[in-house]
Amino acid sequence: MKEKTLLTAAGLEKLQKEYEYLTKVKRFEVTARIGKAREYGDISENSEYDSARDEQSFTEGRILELQEILKNAEVVKHKESDVVMMSSRVVVEVNGEEDEFEIVSSVESNPFEGRISIESPVGKALMGAKVGDVITVSSTIKATYKILRIK
Amino acid sequence: MEALIKFLIFTSKLKFTPRKRWVLLGVKDSETVADHMFMTTFLAWIFSEGSGLNSKRLLKIALAHSLDLVFPVSKETYIKVLQKNPASLYDEKQKSLLGKMIHDEEASLHKLLIFSKKFKEEILDLWEDFRFIKSKEAKFLYAVDSIENLVQALVYKKAIAKKDLDAFWLESYHYAKDKQLVQFLDSLKQYDTGGEGAVKNKEDLNLIKFIFLANQLKEIKRKWDMRGVPKEDSESAADHAFRVSIMAWLLSESEKLDVVAVIKMSLIHDLCNVYVGEMTIYDRVLTGDPEKDKISLRILPHYLKEEKERILEERRKLESEAFDKLLDLIPGPFAKEVKELWLDYEYLRTPEGRFVRQVDRIEPLLQALEYKKEGKAEDITVYWYQVKEWIHNKNLLKFVSTLDDYYYKKQSLEYQAN
């Protein structure tokens, strides 16, 4: 059985947007680039043709990859929970101040927006935590978070 | 992975190695080798639009072409030749003398490549291609490299003798076989002698302005003074972009990523800094009071989610406007490509964008560790806090964990508690 990719609704939308862009825009741009490259002459010695074919290979590879991910995606809707899970918004105390993270998939993570991936060290450590828990992200340099609220 | 870390640490030396030719010509605080490699790679991309060359090979040759300078050979012969001819336009006797040095340079490169078994063959192939000017891409890069030297010589115009500046013009025209490059040089000549009004081709005029603006990334120091690093020891934005480009290239090879997009994105990710300067997460936090600021700099600024989003939107607006202002100088496919790559990076729209953004968090950590090891930086724990939030790619997580082991267990770097 194919591995399910956990996503939030926003994450799914992001991947769908990427898929649409690749299949409706990028694919045609790359085909046009290959057509133009042929104009440079004999394709056996044609560097621009090789470049363009490389790009086509990446585009088509990514399209296939996205098809698989979208087929096997499981959207985790946000819900109230006692325990930190995908889609939770967690308010923590760190270094004596309040910080807030939304727990999301890697595709949509952006700590500058407050979105942390479940596969990042902080995200991994927060998953499954309850209010009042103090979690430590381990390595030589330790970061400690106390869970204050789970929205 | 530890070998790759060592490779990248050694490569970092290029960020702090002034270019010999400028030193010999008497230029104070000259650009570094990394500055030059950044700009050469960037110019190679700009000038190769519509040239029919293999962009992957061209960009990689540009990034690799001076890696032998990590362990420079004792170049008495070279220094004598360079002093007589800083623009590398050598006569037959000089060429013969320098030809013997290529073996020494290659031996230098081998010293570095001990730490890069995976990429040794490829980097050697790229470097030899450039040195012996074998491929179309290498020929083109030779010309671009000369033009890059010329542009920098024009920046240093007041500091160098006219006869030396003339040598850079000669070198550029000698290697520029491409019609487009020759036309650009003609326009640059008109600009240099008669100012903006003298340039007949207005597109070239705008490209000249764009190039001199982008070149300023070599002058913009990164804000390491916040960490106690003396300003003269701080890397430039161009230095940083060079090492992000090399790191992203090498680390992306074990992923299913478009390496051309990865390299290009790495090159331009901070391009807007020529207008907005380096914007950091501490800009709204620092007060100017050294005691208070020292405390603030030990931790990441903490906000609730709405505030984070608001701050991010403000920064994005400024940076997007700066990009547009810069790229409006040179409308066309290149400008469109740069803007789209920046949007991929900033909004994490593509796998390449998400990957390069993560590398861009790790590279400063590596630099911070290097500075700390040299006793130049104080508390650098925030760089670790950042990667713990940002890094989710499996290979990059492994890289960061190897960095932790390398510095704190093997190098016995002391962790200082807050």
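Read the figures in this text as sums done on the coordinates, not as results from a lab. All figures in this text were calculated on a predicted structure; none of them were measured in a lab. A quick note on method: Cβ atoms are made from the backbone with ideal geometry, for glycine too, and the neighbour counts reach across all protein chains shown.
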TODO: Using the charge dipole of the protein assembly as shown (Lys, Arg: +1 at Cβ; Asp, Glu: -1 at Cβ; taken about the Cα centre), state which of A:I63, B:A167, B:S254 has its Cα farthest towards the positive end.
DONE: B:A167
- [ ] Mind checking the full-extension length gain between B:E122 and B:V182? Use 0.36 nm per residue of separation minus the Cα-Cα distance, one decimal, nm.
- [x] 18.5 nm
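What does the C-alpha gyration tensor say about the overall shape of segment B:59-153? Classify as rounded when a/c is under 1.5, otherwise prolate if a/b is larger than b/c, or oblate. Intermediate values should be presented prior to the final figure.
On the way: a/c = 1.85, a/b = 1.27, b/c = 1.46.
Here segment B:59-153 falls in the oblate category.
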Task: ³J(HN,Hα) computed for each position of segment B:92-103 - Karplus, 6.51 cos²θ - 1.76 cosθ + 1.60, integer Hz, glycine/proline x - done: 4, 5, 5, 4, 5, 4, 6, x, 5, 6, 4, 5
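Once you compute Rg and the Kirkwood Rh from C-alpha atoms, what is the Rg to Rh ratio for the protein assembly as shown? Write out the running numbers ahead of the final one.
Numbers: Rg = 24.7 Å, Rh = 25.3 Å.
With Rh from the inverse mean 1/r over Cα pairs, Rg/Rh is 0.97.
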Open item on the list: Could you check the spin-label model distance between B:H103 and B:L170? Points 7 Å from the Cα along Cα→Cβ, value in nm.
Closed with: 3.0
- [ ] Starting from the exponent 0.38 and prefactor 2.2 Å, build the expected Rg for segment B:185-230 from its residue count and divide its actual Cα Rg by it.
- [x] 1.70
Open item on the list: Springs between alpha-carbon pairs under 10 angstrom, Gaussian network model over chain B: which of B:E76, B:E219, B:E255 fluctuates most?
Closed with: B:E76
Open item on the list: What's the whole-number percent of alpha carbon pairs in chain A lying beyond 28 angstrom?
Closed with: 42
Task: Angle between chain B longest axis and helix B:202-215 axis [Cα atoms, degrees, rounded to 10] - done: 50
Task: Per-residue mean of C-beta atoms belonging to partner chains within 10 Å, peptide B:298-311 - done: 5
Task: All-pairs Cα distance distribution in segment B:292-418, expressed in whole percent, bin size 10 Å - done: 11, 31, 32, 21, 5, 0
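Extension gain B:E196-B:K325, at 0.36 nm per residue separation less the Cα-Cα distance, in nm?
Values: separation 129, 0.36 × 129 = 46.44 nm, distance 1.87 nm.
Between B:E196 and B:K325, full extension yields 44.6 nm more.
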TODO: Using a Gaussian network model of chain B whose springs link C-alpha atoms within less than 10 Å, name the residue from B:S116, B:S51, B:S252 with the highest mean-square fluctuation.
DONE: B:S51
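Would you mind ranking B:K56, B:K189, B:K264 by Cβ crowding within 10 Å, fewest neighbours first? Before the final figure, lay out each step's value.
Values: B:K56 19, B:K189 16, B:K264 22.
Lowest to highest Cβ neighbour count: B:K189, B:K56, B:K264.
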TODO: Could you work out the mean count of beta carbons from other protein chains within 10 Å of each residue's beta carbon in A:91-101?
DONE: 4
TODO: Sticking with the crude label model, points 7 Å out along Cα→Cβ, report the distance from B:R310 to B:E76 in nm, one decimal please.
DONE: 6.8
- [ ] Could you list the square roots of 5 times each eigenvalue of the Cα gyration tensor of chain B, that is, the equivalent ellipsoid semi-axes, sorted largest first and rounded to whole Å?
- [x] 35, 26, 21
Task: Loop chymotrypsin sites (Phe, Trp or Tyr not before Pro), segment B:309-393, which have at most 15 other Cβ atoms in a 10 Å radius of their Cβ (DSSP) - done: B:Y347
Task: Rounded to 10°, Cα long-axis angle of helix A:47-71 versus longest principal axis of chain A - done: 40
- [ ] With no solvent and one equal point scatterer placed on each C-alpha of segment B:249-341, evaluate the Debye formula and give log10 I(q)/I(0) for q = 0.13, 0.14, 0.24 Å⁻¹, two decimals.
- [x] -0.66, -0.74, -1.14
Open item on the list: Under the rule of at least 5 residues apart or a separate chain, name every residue whose amide H is placed under 5 Å from the amide H of B:N201.
Closed with: none
Task: Nitroxide proxy distance, nm - points 7 Å out along Cα→Cβ at B:F16 and A:I34 - done: 4.9
Open item on the list: Could you compute how fast segment B:211-265 diffuses translationally, taking Rh as the Kirkwood radius over C-alpha pairs and applying Stokes-Einstein at 4 °C with viscosity 1.567 mPa s? Give it in µm² per second.
Closed with: 102
Task: Placed amide H near B:V285: partners under 5 Å, 5+ positions off or other chain - done: none
Open item on the list: Restricting to DSSP H runs of at least four residues, report the calculated mean residue ellipticity at 222 nm for the protein assembly as shown, -39500 (n - 2.57) per run over all residues, nearest 500 deg cm²/dmol.
Closed with: -18000 deg cm²/dmol
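Per-residue Cβ counts within 10 Å, from other chains only, averaged over A:78-86: what number is that?
0
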- [ ] Quick one: angle between helix A:27-38 and the longest Cα principal axis of chain A, in degrees between 0 and 90, rounded to 10, please.
- [x] 30
Open item on the list: Quick check: from the Cα gyration tensor, does segment B:113-252 come out rounded (a/c under 1.5), prolate or oblate?
Closed with: oblate
